[in-house]
Amino acid sequence: AIDPEFEENRDVVEQHDGHNVWGPVDEPEELGIHGTHVAVDFDICIADGACLEDCPVDVFEWVDTPDHPESEIKADPAHEDQCIDCMLCVDVCPVDAIDVDPG
Ligand code: SF4
Ligand code: F3S
Ligand code: ZN
């Protein structure tokens, strides 16, 4: 599961489409965590898709991650600023790849 303390335990190593990427990143095998308010651990995501289907405000978009060992697409929190903190995505992800921090 995603580390809920990732903001303490990791560093921001790059930006992707306006959101943080928390390392370590070593492409293509290691991709880190995308987003902060809505955070997706790309190294855990298996592209189940429940988060995209269930988010009422369409926070997520697929991104291609060729040659990642878990899946070759990931749910990117492209619109994390729109999140209404309903927690549905956290509940439906089968591998607990998502952390939402209303902070
Ligand atoms: Fe979407 Fe709700 Fe998840 Fe926010 S908490 S990203 S609104 S499903
Ligand atoms: Fe990935 Fe979980 Fe969504 S596996 S696609 S973050 S439901
Ligand atoms: Zn991203």
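For the structure I just gave you, tell me whether D81 is within 12 Å of the chain's Cα centre (by Cα) and not hydroxyl-bearing (S, T, Y).
Working: within 12 Å of the chain's Cα centre (by Cα): no; not hydroxyl-bearing (S, T, Y): yes.
When the stated conditions are applied, D81 does not pass them.
Could you please tell me which pairs satisfy a Cβ distance under 8 Å, a separation of 6+ or placement on different chains, a first residue in region 73-84 that is within 18 Å of I46 (Cα to Cα) and within 14 Å of ligand 2 (Cβ to nearest atom), and a second residue that is modelled with pLDDT of 95 or more and among the acidic types (D, E)?
Listed by first residue and then by second, the contacts come to I73/D64; A75/E61; D76/D17; D76/E61; A78/D17; A78/E61.
Test L52 against the stated conditions and say whether it is within 19 Å of P4 (Cβ to Cβ), of a type in the set (A, V, I, L, M, F, W, C) and either within 15 Å of ligand 1 (Cβ to nearest atom) or open to solvent by less than 40 Å² (accessible area, probe 1.4 Å) (or both).
Judged against the criteria, L52 is not a match.
Can you tell me how many residues in region 59-84 are open to solvent by less than 50 Å² (accessible area, probe 1.4 Å) and not in a loop (DSSP other than H, G, I, E, B)?
5
Restricting region 13-58 to residues that are under 16 Å from I73 (Cβ atoms) and in a helix (DSSP H, G or I), which is farthest from the chain's Cα centre (by Cα)?
E53
The values are calculated or read from the model by the stated rules, or taken from the named source; none is laboratory data. All values reported here derive from a predicted model rather than from experimental measurement. Note that we place each Cβ from the backbone using ideal geometry, even for glycine, and neighbour counts take in every protein chain shown. Keep in mind that these areas ignore ligands, DNA and RNA; they rest on the heavy atoms of the full protein, side chains included. Shrake-Rupley method; radii C 1.70, N 1.55, O 1.52, S 1.80 Å.
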